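Heads up, the thing below is written out as structure tokens.
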Amino acid sequence: MFISVQSLFFYRRLCTFVPYSNYSTKKMKKIIAIATTLFALLILASSCQDRKTYADYLKDESRAIDLFISKHNLTILDEFPEDGQFGDNDFYKDKNSGVYFNIIEVGDTTLNLQWKEEVYVRFSGLEYFMTGDTTRYSNMNSVFPEEIVFIGPVNSNTKGSYSTPGWIVPLGYVGHNGKVKMIVPFDMGSSYDKSQYQPTYYDRVLYKFESRY
């Protein structure tokens, strides 16, 4: 929060513009009370101007994603390819979730993922591109992968049950051992991503189903 020099000067003037000798103690207390109230309102107004709204964060995210897409010469597909084939820079934007993904490799799709089946997720090249952080995160060499329990496609009823809802979006397209690249809006990311209003990019996400692990 920033309080301007003018605001402080205004408060000082309100408290000192009349000599104490010309007014009763009662009147002076009233003047000081009014001055204090006005100063508090100035502080509140300044604080409100500095605070971002959820809509502001969404606008910041949209600009950051557009810049990332432009910087990396990505092509955004409005429709999923009929043959399921993606160019290296082709990303399909899922209309329901806002998640972008590129299929690197389709895995075993012969059997449908079962309800309550565990899915093991490994990833590399996780980037918080909106912050300018050049660190790339990975769990490829971790002892344990991330685990998610499948309870259906992401929607208003299931979204809150997933640690990272965005990971679920490509599952129906790639199956067991499928690999994708992803751009995940913060609302579809982890609890950390949501709390920091940070979208993410994954250079690779690999899925393995419990029944075929």
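The values are calculated or read from the model by the stated rules, or taken from the named source; none is laboratory data. Given the structure is predicted, the values throughout are model-derived calculations rather than measurements. All Cβ positions, glycine included, derive from the backbone under ideal geometry; neighbour counts span all protein chains shown.
Inspect all residues belonging to segment 83-90 and state whether any of them is closer than 21 Å to residue 164 by Cβ, surrounded by 11 or more Cβ atoms within 10 Å (Cβ to Cβ) and at pLDDT 95 or above. Taking every residue of segment 83-90 in turn, none turns out to be closer than 21 Å to residue 164 by Cβ, surrounded by 11 or more Cβ atoms within 10 Å (Cβ to Cβ) and at pLDDT 95 or above. Scanning segment 172-213 for residues that are aliphatic (A, V, I, L, M) and surrounded by fewer than 22 Cβ atoms within 10 Å (Cβ to Cβ) gives a single hit, 206. A count restricted to segment 123-143 and to residues that are exposed (fewer than 13 other Cβ atoms within 10 Å of the Cβ) and of a type outside the set (D, E, K, R) stands at 8.
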